Amino acid sequence: MNITAALSRGPKTPFTLETITMAPLRDDEVRVRLVAAGMCHTDLVSKAGMPAEPGAVFGHEGAGIVEAVGAGISGVDVGDKVLLTFRSCGQCHACAQGTPGYCDAFVALNSSGLRADGSVTLTQDGKPLRGSFFGQSSFASHAIASQDNVVVVDPETDLAAVAPFACGFMTGAGAVVNVLAPDPEARVIVYGAGGVGMAAVMAAAALGVRTIVAVDLSEERREAALALGATAVVDGRSDDLVKLLAEATGGGATHAVDTTAVPSVISSAVAALAPQGTLVLLGLGAPEVTFNVMDLITSGKTVRGCIEGDADPQVFIPQLVRWHAEGKFPLEKIVRHYAFADINTAMADSVSGSAIKPVLVFDEPSAR
Ligand SMILES: [Zn+2]
Ligand SMILES: [Zn+2]
């Protein structure tokens with residue numbers, strides 16, 4: 001069938017909305033009509049690093065309505081509202097542990113541009129395109145997804161509101177809920193108040209944490225963090241940042257999340273941990289960081305990385321959708337909606353930082 005997709009034809013060229021052809025649905029696949037799709041940092045990084053040929057369709061925070069299901073699919077029906085998350089094999093050790101973000105087949109299933117068997121889902125004039133991005137390529141009117149990355153949500157869900165739960169917000173919230181699991185007495189610091197960091201702030205607030213400090217360079221974002229549940233904010237440019245953070249938390253962070261990937265920020269974040277505190281690194285892009293190992297050892301501090309919030313999306317996404325419905329996760333305060341045709345404006349606003357979390361919305365808003 002023919003669909004409309006935002007094609008990427010290289011790092012420098014803008015997205016172009018074009019008609020392309022989607023392959024017939026297989027028995028182990030689900031076809032979804034997109035209602036909304038979040039724009040995540042990974043989409044733009046992938047576009048920036050792509051070759052010009054063949055064209056590619058990105059998008060990995062799809063939210064839509066199931067149009068067709070293959071014969072081998074169970075638990076997903078035509079008409080279901082779904083979020084499309086990352087793919088995983090379901091067989092390996094990480095998948096068996098409920099942490100499919102560390103799946104052995106993660107790269108093959110999510111960023112090869114192909115199905116697992118090497119075939120393509122998207123073509124134009126008979127020529128293959130790179131599709132299957134995170135098992136979806138959801139910058140398009142329709143997507144082909146698989147049993148493992150389709151998450152059915154409540155029929156009352158406002159899909160355009162919750163699309164970011166499919167990746168970015170799951171990452172930030174999962175780092176807090178699944179990895180750090182702070183109690184209300186914990187003292188949490190979140191470095192970087194972009195979409196992922198804001199999700200970490202909202203998750204800490206949803207857990208009832210009473211000290212939540214957000215660190216960012218932008219005053220506007222610090223203000224936004226306060227509206228989402230941060231109890232204090234600190235300008236990341238401050239002299240003696242570590243001392244300021246110690247004061248703001250009353251002795252350092254018991255739990256912290258870095259989303260900045262800035263080496264100097266990460267060094268400060270380690271120093272600003274309380275004894276036995278834990279820092280989780282989410283931001284990609286800092287290959288090497290210097291910090292005081294003696295301090296780490298003698299204070300019993302932990303620094304660890306985390307992908308996709310250590311979440312099992314089939315469990316965690318419905319939990320986040322419930323929190324949102326209960327008013328505990330007010331992500332609409334930082335989501336900005338764009339018509340699909342305005343995808344290049346969404347990208348520009350994401351790059352400039354004027355939009356914290358762009359979400360594209362497709363036609364038929366009444367069907368949301
Ligand atoms: Zn696996
Ligand atoms: Zn993402």
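The values are calculated or read from the model by the stated rules, or taken from the named source; none is laboratory data. All figures in this text were calculated on a predicted structure; none of them were measured in a lab. Cβ coordinates were reconstructed from backbone atoms using ideal geometry, including for glycine residues, and neighbour counts include every protein chain displayed.
Identify the single condition in (1) within 16 Å of ligand 2 (Cβ to nearest atom); (2) crowded, with 20+ Cβ neighbours inside 10 Å that residue 35 does not satisfy, given that it satisfies every other one.
The failed condition is (1).
Being out of contact with any strand residue (DSSP E or B) (no Cβ under 7 Å at 6 or more places or on another chain) and farther than 25 Å from residue 165 by Cα: is that true of residue 42 here?
Details: out of contact with any strand residue (DSSP E or B) (no Cβ under 7 Å at 6 or more places or on another chain): yes; farther than 25 Å from residue 165 by Cα: no.
It is false that residue 42 is out of contact with any strand residue (DSSP E or B) (no Cβ under 7 Å at 6 or more places or on another chain) and farther than 25 Å from residue 165 by Cα.
Quick one: would you say residue 50 is in the same structural domain as residue 116 (by TED's automatic domain parsing), closer than 18 Å to residue 112 by Cα, touching a Gly at 6+ places or on another chain (Cβ under 9 Å) and away from ligand 1 (no atom under 16 Å from the Cβ)? So that I can check it myself, show each step before the final result.
Values: in the same structural domain as residue 116 (by TED's automatic domain parsing): yes; closer than 18 Å to residue 112 by Cα: yes; touching a Gly at 6+ places or on another chain (Cβ under 9 Å): yes; away from ligand 1 (no atom under 16 Å from the Cβ): yes.
Against the criterion (in the same structural domain as residue 116 (by TED's automatic domain parsing), closer than 18 Å to residue 112 by Cα, touching a Gly at 6+ places or on another chain (Cβ under 9 Å) and away from ligand 1 (no atom under 16 Å from the Cβ)), residue 50 qualifies.
Please state which of the following conditions residue 134 fails to meet, knowing it meets all the rest: (1) in contact (Cβ under 8 Å) with a residue 60 or more places away in the chain; (2) more than 16 Å from ligand 2 (Cβ to nearest atom).
Every listed condition holds for residue 134 apart from (2).
Is at least one residue of segment 88-100 free of Cβ contacts under 8 Å to residues at least 40 places away in the same chain, within 16 Å of ligand 2 (Cβ to nearest atom) and in a loop (DSSP other than H, G, I, E, B)?
Among the residues of segment 88-100, not one is free of Cβ contacts under 8 Å to residues at least 40 places away in the same chain, within 16 Å of ligand 2 (Cβ to nearest atom) and in a loop (DSSP other than H, G, I, E, B), which makes the answer no.
Every residue in segment 272-295 that is in contact with a helix residue (DSSP H, G or I) (Cβ under 8 Å, 6 or more places away or on another chain), among the aliphatic types (A, V, I, L, M) and modelled with pLDDT of 95 or more, please.
Result: 272, 274, 279, 280, 281, 282.
A quick yes/no check of all residues on (1) more than 16 Å from ligand 1 (Cβ to nearest atom); (2) assigned to a loop (DSSP other than H, G, I, E, B); (3) surrounded by fewer than 18 Cβ atoms within 10 Å (Cβ to Cβ); (4) not small (Gly, Ala, Ser):
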| position | (1), (2), (3), (4) |
| --- | --- |
| 63 | yes, no, no, no |
| 66 | yes, no, no, yes |
| 109 | no, no, no, yes |
| 143 | yes, no, no, no |
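Against the definition (within 23 Å of residue 119 (Cα to Cα) and either surrounded by fewer than 15 Cβ atoms within 10 Å (Cβ to Cβ) or of a type in the set (A, V, I, L, M) (or both)), how does residue 84 come out, yes or no? Reasoning before the result, please.
Working: within 23 Å of residue 119 (Cα to Cα): yes; either surrounded by fewer than 15 Cβ atoms within 10 Å (Cβ to Cβ) or of a type in the set (A, V, I, L, M) (or both): yes.
Judged against the criteria, residue 84 is a match.
Free of Cβ contacts under 8 Å to residues at least 60 places away in the same chain, away from ligand 2 (no atom under 16 Å from the Cβ) and of a type in the set (Val, Ile, Thr): which single residue out of 82, 69 fits that description? Steps first, please.
Numbers: 82 fails: free of Cβ contacts under 8 Å to residues at least 60 places away in the same chain.
Checking each option against the conditions leaves just 69.
Taking strands (runs of 3 or more DSSP E) that fall entirely within segment 149-247, which contain at least 3 residues that are in contact (Cβ under 8 Å) with a residue 24 or more places away in the chain and either closer than 30 Å to residue 30 by Cα or touching a Leu at 6+ places or on another chain (Cβ under 7 Å) (or both)?
Numbers: elements: 150-152, 187-191, 211-216, 232-235.
Fully inside segment 149-247 and qualifying: 150-152.
Can you tell which of 271, 256 is within 9 Å of residue 189 (Cβ to Cβ) and either touching a residue at least 60 places away in the same chain (Cβ under 8 Å) or not polar (S, T, N, Q) (or both)?
Values: 271 fails: within 9 Å of residue 189 (Cβ to Cβ).
Exactly one of 271, 256 is within 9 Å of residue 189 (Cβ to Cβ) and either touching a residue at least 60 places away in the same chain (Cβ under 8 Å) or not polar (S, T, N, Q) (or both), namely 256.
Residues checked against (1) assigned by TED's automatic domain parsing to the domain that holds residue 341; (2) under 25 Å from the mean Cα position of the chain (by Cα); (3) touching a residue at least 12 places away in the same chain (Cβ under 8 Å); (4) part of a strand (DSSP E or B):
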site	(1), (2), (3), (4)
17	yes, yes, yes, yes
31	yes, yes, yes, yes
43	yes, yes, yes, no
54	yes, no, yes, no
73	yes, no, yes, no
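Quick grid of which residues meet (1) of a type outside the set (A, V, I, L, M); (2) under 15 Å from the mean Cα position of the chain (by Cα); (3) on the phi < 0 side of the Ramachandran plot:
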| residue | (1), (2), (3) |
| --- | --- |
| 130 | yes, no, yes |
| 133 | yes, yes, yes |
| 143 | no, no, yes |
| 148 | yes, no, yes |
| 169 | yes, yes, yes |
| 172 | yes, yes, yes |
| 199 | no, yes, yes |
| 204 | no, no, yes |
| 207 | no, no, yes |
